[in-house]
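Reading through the structure tokens given below for one structure.
Please treat every number below as a calculation from the coordinates, not as lab data. As the structure is a prediction and not an experimental result, all values here were calculated from the model. Cβ sites come from the backbone with ideal geometry, for glycine too, and all protein chains shown count toward neighbours.
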Amino acid sequence: MSEIVVEINNLVKRYNELIALDNFSLKIKQGEVFGLLGPNGSGKTTTINCMLSLLSYDKGDIKIFGEKMSPAKRNLKAKIGVVSQNVAVFDELTVYENIDYFCGLYIKDKKLRKKYVEEAIDFVDLGDFKKFYPKKLSGGLLRRLNIACGIAHKPELIVFDEPTVAVDPQSRNKILEGIEELNKNGATIIYTSHYMEEVEQLCNHILIMDKGRKVAEGTSDELKRMIKNTESVVVNVRHLKEDSIENIKKLHHVYDVKYMNNILTIKCSGGKHNITHVAEYFKNTNLDYDRIYSELPTLNDVFLEITGKELRDKE
Amino acid sequence: MFLNVFATRLKINIRNKQAIGWSLLFSLALGTLFYAAFNSIYDNAKNTCVRVAVVESEDAALNSEMLKELEYEDGKKMLEVVEVQYDEAKELLKKDEDDKDKVKGIIDIRNVEDIKLILPREKKIESAAFISSGGIEESILSSIVSVFRQYSSIVTETIKKDPTKLEEVLKSFEDETNELVENKSISGDNKDPYVSYFYSLITMMAMMAAMAGASVPESSQANQSPVGARVDVSPVNKSLYDLAGLLSAIVVQTSITLIGLVYLVFVLKINFGGDLRYVFLTSILSTILGVSLGFFIYQFGRISKKARENIIMTIILGGGFLSGLMIANMKTIVEMKCPIVNRINPSAVISDAFYALNMYGVGDRYYKSLIYIVGLTIFCIISGLIMSRRRSYASL
């Protein structure tokens, strides 16, 4: 059985009347890429901040590497790396100096630190920007510098708190590849995001949270199996009449039909040839359509079905 | 770790061109402005002889004699004393400007403990620290009366404690020697009424250093900045980390103060009077107090960053106001109504040290002020370090 790296039990955090975390619990095993998924304000960052002892909490307990976490636990902090959603670097220091400074808070040996800093720079591919000041870097490069500052000391547990917010797709892919590599090198990763695609791509264990509570937990496949929806058939069709929609609802395995903006979404539960059945219906009733395709459920569907709302606002 | 943090924080502070620029600009520009504004007035002052009426009671001949000691400054006649009765003095004050008997003011020394300076508009000037709106002659009078009050109190004290020393004291006035009763000295008897403006400038420079002190906890506490959060999750010893940051801020701010002071002394040739080494010492200690004050205030984690900034500005400006940097006799009023404020208000403590240095020279009062400065500094640093120890925050 893998060692438990992080264990949170019945955590309660209140901001006056607002309950940010409501008896929240989780366990993270060594070597996992643990995804903490939830909409904005669901309590992801609060969980992380409590875990790191930055925030005080009202109830519950937190153990890291088997020890109770507290602000004074410097031995535990030495094993943790944090990449926050806000870029945390000094504008007055160059790329190299920033990484060296923050690495120096963990690594005292100068030679070892120099080696680690060089490795971190290579890792985030900032070799050409060593002498650049943060203000001269693009948003994506700045995020990569932020990551380098958080991981240069080679921590065993790395927390990535929404590291790809406001990052271009190219840099985002680079960051995700880097995180996968860190995990391959032995680090346990905690990844918080409201981007379900990233979590699905990266994480081998996912916890979905909302309003400070755990909504569901498991692997991506396990989560999808928890819901009724197994397939959505989408048809681009114009001027569909109400009686046709009613008839489609009566097709095998169909449990929900929505028609908006000339897009018909048919949700199916079970069945292997749902798209064929729908196409046949259109053919038999001489209804013309532009396009028909099938979509497998996403984590958003999981969240939608459990909570009745979208994981994030439509972008 | 300590040296690494200190060296890097020093680099960060030095590269913060905006902060350094503003601090330097404040001292150099304001110093130049004061110099430009007062230099010509000061030159005029040196060539001005002010005719003044002195009203005394019969048993106060001693004071009149003492006042005459102040007639000459650097060999030039600054004061022409006319001894008259109060009613006659008022008549002389009312005379036309071109009348040769006209006096510019009345010094009423009938009550030794309440020496009054009466100006044409019946306005009393309580302190020499600031120029009155009446111009150069009134300022000279107020400056002289201020020194005269000191002389008078020393003589009164001598009479009470050891009358046998009176002759010695009076001789010391005549000879312009510096030895007075109870080791009091008037080596810093700089009667230049404008130098106090430059002392006020140094006091404000020192207090503005609080902003640099505030940057230390700002970059080491999670509830202050993202960098603070990064430091808070690291395994560093927070007290040592903050101490290293504080030391770097002190080095940079002290350098700025010294540059400003060197500019005032060697470029603008401001005569601070007394021993310059003590002016430099007081300026350095004051700057350290300013930095420490900012460090201390920013440790209050339960209030917002904006509120903290406002508190610092209130302490700098409000403290400056209460210490008389803006209104001359405010410090005296505070001393009468609530003296404790003058003991804990950093601006008051600093300005008092400069005042003591300027008026009495290096002596008990000056050392007492330095002890207050050092005491307040130690309080701010130790309290700040205690508060900065590892903690969790209620909110970020």
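Report Rg(Cα)/(2.2 N^0.38 Å) for the protein assembly as shown, keeping two decimals. Kindly include the intermediate steps, with their values, before the conclusion.
On the way: Rg = 38.0 Å, N = 711, 2.2 N^0.38 = 26.7 Å.
Normalised Rg, Cα atoms only: 1.42.
Per residue of B:211-223, count partner chain C-beta atoms within 10 Å of its C-beta, then hand back the mean as an integer. Don't skip to the end; give the middle numbers.
On the way: counts 0, 0, 0, 0, 0, 0, 0, 0, 2, 0, 1, 7, 2.
Average neighbour count from other chains, rounded to a whole number: 1.
Among A:L223, A:Y255, A:G140, whose Cα lies farthest out toward the positive end of the dipole of chain A, if unit charges sit on the beta carbon of Lys, Arg (+1) and Asp, Glu (-1)?
A:G140
Within 15 Å, Cβ to Cβ, of B:K100, how many net charges do the neighbouring residues add up to if Lys/Arg are +1 and Asp/Glu are -1?
Values: positive: B:R51, B:K94, B:K95, B:K102, B:K104; negative: B:E80, B:E91, B:D96, B:E97, B:D98, B:D99, B:D101.
It works out to a net charge of -2.
So what is the calculated 222 nm ellipticity per residue for the protein assembly as shown, using -39500 (n - 2.57) for each DSSP H run with n of 4 or more, over all residues, to the nearest 500 deg cm²/dmol?
Working: 27 runs with 350 residues, N = 711.
Value at 222 nm, helices only, nearest 500: -15500 deg cm²/dmol.
Based on the mean of other beta carbon atoms within 10 Å per residue, what is the order of B:210-223, A:51-64, most packed first? Walk me through the numbers on the way to the answer.
Numbers: B:210-223: 24.6, A:51-64: 19.3.
In decreasing order of mean packing, B:210-223, A:51-64 become B:210-223, A:51-64.
Place a +1 charge on the Cβ of each Lys and Arg in the range A:4-224 and a -1 charge on the Cβ of each Asp and Glu, then give the dipole magnitude about the Cα centre in debye, rounded to the nearest 20.
Numbers: 32 positive and 31 negative charges, 172 e Å.
I would put it at about 820 debye.
In what sequence do A:L105, B:L268 fall when counting other Cβ within 10 Å, fewest first?
Listing A:L105, B:L268 from fewest to most nearby Cβ atoms yields B:L268, A:L105.
Would you calculate the separation in nanometres between label points at A:E242 and B:K116, each defined as 7 Å from the Cα along the Cα-to-beta-carbon direction?
10.0
Order B:330-336, B:346-352 from most to least packed using the mean count of other Cβ atoms within 10 Å. Intermediate results must be reported in sequence, preceding the final value.
Numbers: B:330-336: 16.0, B:346-352: 27.6.
Ranking the peptides B:330-336, B:346-352 by packing returns B:346-352, B:330-336.
At a 10 angstrom cut-off on C-beta neighbours, averaged per residue, how do the peptides B:114-120, A:246-252 rank from highest to lowest?
Details: B:114-120: 17.3, A:246-252: 13.3.
The most tightly packed comes first, giving B:114-120, A:246-252.
On average, how many beta carbons from a partner chain sit within 10 Å of the beta carbon of a residue in B:15-24? Each step should come with its number before you reach the end.
Working: counts 7, 3, 1, 0, 0, 0, 0, 0, 0, 0.
So the per-residue partner count for this stretch is 1.
Once R0 is set to 22 Å, what does the formula 1/(1 + (r/R0)^6) return for the Cβ-Cβ distance between A:N75 and A:L112, expressed as a FRET efficiency to the nearest 0.05?
About 0.75, to the nearest 0.05.
Student exercise: in the range A:197-250, how many lysine pairs 8 or more apart or on different chains have Cα atoms under 29 Å apart?
For the range A:197-250, the number of qualifying lysine pairs is 11.
What net charge is computed for the residues neighbouring B:V251, neighbours being all others with C-beta under 12 Å from the C-beta of B:V251, Lys and Arg scored +1, Asp and Glu -1? Intermediate values should be presented prior to the final figure.
Working: positive: B:R9, B:K11; negative: none.
Overall, the nearby charge balance is +2.
With the crude spin-label approximation of a point 7 Å out along Cα→Cβ, what separation in nm comes out for B:D101 versus A:K228?
So the two model labels end up 11.4 nm from each other.
Please list, short to long, the whole-number percent of alpha-carbon pairs of the range A:231-296 in consecutive 5 angstrom bins beginning at zero.
Once binned at 5 Å, the Cα pair distances of the range A:231-296 give 4, 19, 35, 29, 12, 2.
Charges at C-beta only: +1 for Lys and Arg, -1 for Asp and Glu. How large is the resulting dipole of the protein assembly as shown about its Cα centre, in Debye rounded to 20? Walk me through the numbers before you get to the answer.
Details: 89 positive and 91 negative charges, 615 e Å.
Computed charge dipole of the protein assembly as shown: roughly 2960 debye.
From Cα pairs below 8 angstrom and at least 6 apart in sequence, can you work out the relative contact order of the range B:281-396, rounded to a whole percent? Provide the component values of the computation, followed by the final result.
Values: 98 pairs, mean separation 39.8, N = 116.
Relative contact order of the range B:281-396: 34 percent.
With a cut-off of 8 Å between alpha carbons and a minimum separation of six or more residues, what is the relative contact order of the range A:121-278 in percent? Write out the running numbers ahead of the final one.
Details: 169 pairs, mean separation 22.4, N = 158.
Contact order relative to length: 14 percent.
Suppose R0 equals 35 Å. What FRET efficiency, 1/(1 + (r/R0)^6) with r the Cβ-Cβ distance, do A:E280 and A:N185 give to the nearest 0.05?
After rounding, the FRET efficiency stands at 0.10.
Looking at chain A, send over the antiparallel percent of its DSSP beta bridges, to the nearest 5.
Working: 37 of 55 bridges.
Around 65 percent antiparallel, to the nearest 5.
Please name whichever of A:C149, A:L105, A:Y195 sits farthest to the positive end of the charge dipole of the range A:4-224, dipole taken about the Cα centre and charges placed at Cβ: Lys and Arg +1, Asp and Glu -1.
Sorting the options by dipole projection puts first A:L105.
Using the beta-carbon distance between B:E80 and B:F280 and R0 = 56 Å, what value does 1/(1 + (r/R0)^6) give for FRET efficiency, to the nearest 0.05?
Details: r = 38 Å, r/R0 = 0.68.
Approximately 0.90, to the nearest 0.05.
I'd like the mean, over residues of A:80-88, of how many other protein chain beta carbons sit within 10 Å of each residue's own Cβ.
Across the residues of A:80-88, the mean count of other-chain Cβ atoms within 10 Å is 4.
A:E200: net charge of surrounding residues, Cβ under 12 Å, Lys/Arg +1, Asp/Glu -1, itself excluded?
Values: positive: A:K224; negative: A:E197, A:E198, A:D221, A:D301.
Every neighbour counted, the sum reads -3.
If you take every DSSP beta bridge whose two residues both sit in the range A:130-225, what share of them, in percent to the nearest 5, is antiparallel? Mind showing how you got there, number by number?
Working: 5 of 10 bridges.
In the range A:130-225, approximately 50 percent of DSSP beta bridges are antiparallel ones.
Using alpha carbon centroids, what distance separates the range A:108-124 and the range B:230-285, in Å?
34
Residues of the range A:4-32 with the amide nitrogen closer than 11 Å to a label point 7 Å from the Cα of A:K211, along Cα-to-Cβ, please.
A:19
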